[in-house]
Amino acid sequence: MSTETDILEQLSTVESEALNWLMLLDAEKELTAKEQLALTEWLSRSPVHREKLRGYNDFWKSNLLNECFLPLQESSIEQSKPMNKYHALFSNQLNKPVLASLLLVCLVTFISFWPGSPEDLKSNGLYSTMIGEQKKVVLDDGSLLHLNTNSQVQVDYNSDARNIWLISGEVHFDVQKNKKKPFRVYAAGGLVEAVGTSFNVYLNKSVIDVLVTEGRIALAMTGTSYLKESLGKYLDFNNIDTQDVSKLNPFMSTVGYFNEGQAISLNTINSLEQTKKSLPSLTKILTKAEIDAQQAWQKGYVVFNGQPLSSVIEEVSRFSQTTFEISDKEIANLRIGGRFKIDNIKLLIVILERDFGLKVDQIAPTVYIISKPEAVIN
């Protein structure tokens with residue numbers, strides 16, 4: 001359970017990605033539409049991602065991002081001065097989608113770090129759990145975060161909103177009501193917003209699984225419409241309807257509103273149009289028993305109701321350093337049911353052998369192979 005190593009590896013990855021983005025932005029070739037969308041998604045993952053990009057920009061004494069903060073009327077000041085490569089990016093020949101991408105870097109950073117009162121900022125910071133660990137965090141407004149195994153969140157409260165960035169893993173949120181400060185959870189290219197409710201968010205690569213356990217939430221995702229419209233309206237934050245996620249975050253487009261008992265699986269790689277078209281198939285209404293099964297991890301259990309063995313092993317592996325390999329494709333589809341303690345791998349092995357007739361062999365300290373038992377020859 002080397003959480004410090006895991007966190008350092010993740011930070012190292014972010015640093016590498018930030019450097020790659022800065023080099024890409026600095027290249028003579030303009031960003032493609034696909035790259036612009038990828039940059040938007042990368043920046044939305046957490047404040048850490050934006051700060052790393054900002055840090056490299058400052059380290060190289062580059063104006064690439066700093067230019068974004070110049071007043072618009074000063075963008076052409078002292079044209080007689082030699083134009084370096086970065087100033088050229090902001091010349092009249094600048095491709096608008098590239099400008100939109102760069103303004104996104106600056107605007108998101110500016111909004112997210114707008115100062116709030118000292119009381120708002122006490123809870124701000126990074127919270128994480130190791131593999132197999134769970135943690136409850138009570139924020140200063142009384143909202144409760146319940147982090148599942150191997151999870152990371154960045155709390156970023158300010159005077160206008162309560163922002164949470166789910167960097168990895170799974171968290172259940174019990175939100176205290178405050179209509180003046182919406183509670184927003186960002187994960188990959190998605191956004192969940194609530195005023196006072198309870199919901200669960202699991203980030204699995206590019207897929208966001210959301211379960212509403214109480215109240216109502218709004219779900220939004222990164223859209224590309226801002227590339228086609230004037231950026232001027234994005235700078236006017238007056239008279240914002242707090243029920244409209246699209247207006248609260250101009251780089252997000254509302255997918256829909258979801259009530260207690262509803263679950264949705266959102267793949268942020270897909271376009272907004274694809275997602276809306278597939279919304280009926282992406283949304284499920286769960287029974288109380290199904291909700292309890294999905295939330296059993298909060299009580300230290302995982303519950304299965306006929307899932308394939310391959311899915312069971314994938315879920316159980318989230319809570320342990322132990323690795324399972326399935327030797328036969330046929331048994332990978334074997335349906336498994338039961339309630340298992342997440343910290344008792346040995347008992348799981350016993351149940352697989354005793355109740356499901358499987359053979360589990362240990363080939364290394366933390367590696368097991370699951371196979372069909374050998375046929376008995378008379």
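The values are calculated or read from the model by the stated rules, or taken from the named source; none is laboratory data. Note that the structure is a prediction, hence the values are computed from the model and not measured. FYI the Cβ positions are ideal-geometry reconstructions off the backbone, even for glycines, and counts take in every protein chain you see.
The numbered conditions (1) outside any loop (DSSP other than H, G, I, E, B); (2) surrounded by fewer than 20 Cβ atoms within 10 Å (Cβ to Cβ) are all true for D141 except (1).
Among the residues of segment 256-268, those that are surrounded by 15 or more Cβ atoms within 10 Å (Cβ to Cβ) and touching a residue at least 40 places away in the same chain (Cβ under 8 Å) comprise F258, E260, G261, Q262, A263, I264, S265, L266, N267, T268.
For segment 122-134, the criterion of being of a type in the set (A, V, I, L, M), at pLDDT 90 or above, under 14 Å from the mean Cα position of the chain (by Cα) and buried (at least 17 other Cβ atoms within 10 Å of the Cβ) is met by none of the residues.
Conditions tested, residue by residue: (1) assigned to a loop (DSSP other than H, G, I, E, B); (2) under 17 Å from F304 (Cβ atoms); (3) touching a residue at least 60 places away in the same chain (Cβ under 8 Å).
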| residue | (1), (2), (3) |
| --- | --- |
| R339 | no, yes, no |
| I349 | no, yes, no |
| D355 | no, yes, no |
| D361 | no, no, no |
| E374 | yes, no, no |
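Quick check: anything in segment 306-320 on the phi < 0 side of the Ramachandran plot and in a strand (DSSP E or B)? Checked segment 306-320: at least one residue is on the phi < 0 side of the Ramachandran plot and in a strand (DSSP E or B).
In segment 241-287, how many residues are modelled with pLDDT of 80 or more and either under 16 Å from D160 (Cβ atoms) or not in a strand (DSSP E or B) (or both)? Number satisfying all stated conditions: 19. Selection of strands (runs of 3 or more DSSP E) fully inside segment 172-215 by the criterion of at least 3 residues being under 20 Å from L282 (Cβ atoms) and in contact (Cβ under 8 Å) with a residue 24 or more places away in the chain returns 190-194, 198-204, 207-214.
Scanning segment 326-340 for residues that are surrounded by fewer than 14 Cβ atoms within 10 Å (Cβ to Cβ) and within 20 Å of G132 (Cα to Cα) yields a single hit, R339.
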